Structure formats: structure tokens, C-alpha cells
Amino acid sequence: MKQFKNLAYAAVAALPDPTSPVTGQAVTLAEIQDRIQQVAQFLIVISLVIAVAFIVIGGIRYMVAGGGDTKAAKATIYNGIIGAAVVLAVGVILQTVAGFVTRSFFS
């Protein structure tokens, strides 16, 4: 038991003194807000691109149908339009909430 205790003390004594692992300045709330806005805008743009792609694919399917069964093509176009509207509404809501949180909405 005494050998184990001596070994434990030797292991602790061999550890280097801790130093600060990161140097630099602290992250501010404004930087976090900017990063969140950048991510939200990126996701909105990507979502709108996908919605427009669905509208285009639906249009191509409608043209290829040639007067036959156009139900699926119309549904794809409709769903693309609804998706784009939802994404734009989410963008407006996010901008409104960000304005209220930062108290810059009324100024």
C-alpha cells in the first residue's frame, strides 16, 4: 500500500503546471448574434434554392406530361410555392424577433 501511495505522489509531482490553453479575447454577445444571423441567412438562402428547384422540376414534369396526368406536376409546383412562402415567413419572423431582442426595431 505504501508503494502505491508513493507511486501516486510521484505521478502527481510529474505533472506540469497548468497554463491557459487559449489566448485572445472573450467572445461577445454581439459576435454570437452576428454568427446566428449568418447561419440563419445561409439556411434561408439554401431553403429558397431548394424550393425554386422544386418549382422548376414541377414545371418540367408538367411540360413533359403533354396534357396527360399533370396532377403530380401541379402538386410539386404547389408544394414548392408553399415551401418558399414558409421559408420567407420564417425569415421575416426571425428578423422581427432579432429587432425586438436587440431593441433596434423601433429606432
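If you wrap a convex hull around the C-alpha atoms of the range 59-107 and split its volume per residue, what is the figure in Å³?
Working: hull volume 3.3 nm³, N = 49.
Given the Cα convex hull of the range 59-107, per-residue volume reads 67 Å³.
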Gyration tensor verdict on the range 17-64 (Cα atoms; rounded if a/c is under 1.5, prolate if a/b is larger than b/c, oblate otherwise): prolate
J(HN,Hα) series, the range 28-38, from Karplus relation 6.51 cos²θ - 1.76 cosθ + 1.60, nearest Hz, glycine and proline x: 8, 5, 5, 5, 5, 4, 4, 5, 5, 5, 5
In order through the range 71-79: 3J(HN,Hα) via Karplus (6.51 cos²θ - 1.76 cosθ + 1.60), integer Hz, x for Gly, Pro: 4, 5, 5, 5, 5, 5, 5, 4, 5
Pairwise centroid distance, computed over Cα atoms, of the range 25-50 with the range 56-89, Å: 30 Å
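Arranged from highest to lowest average of other beta-carbon atoms within 10 Å per residue, in what order do the peptides 60-69, 18-27, 85-94 appear? Each step should come with its number before you reach the end.
Working: 60-69: 10.9, 18-27: 5.9, 85-94: 13.1.
Highest-to-lowest ranking by the protection proxy: 85-94, 60-69, 18-27.
Where a number appears in this text, it was derived from the coordinates with a stated rule and is not lab data. Because the structure is predicted, anything quoted here is derived from the model rather than measured. A quick note on method: Cβ atoms are made from the backbone with ideal geometry, for glycine too, and the neighbour counts reach across all protein chains shown.
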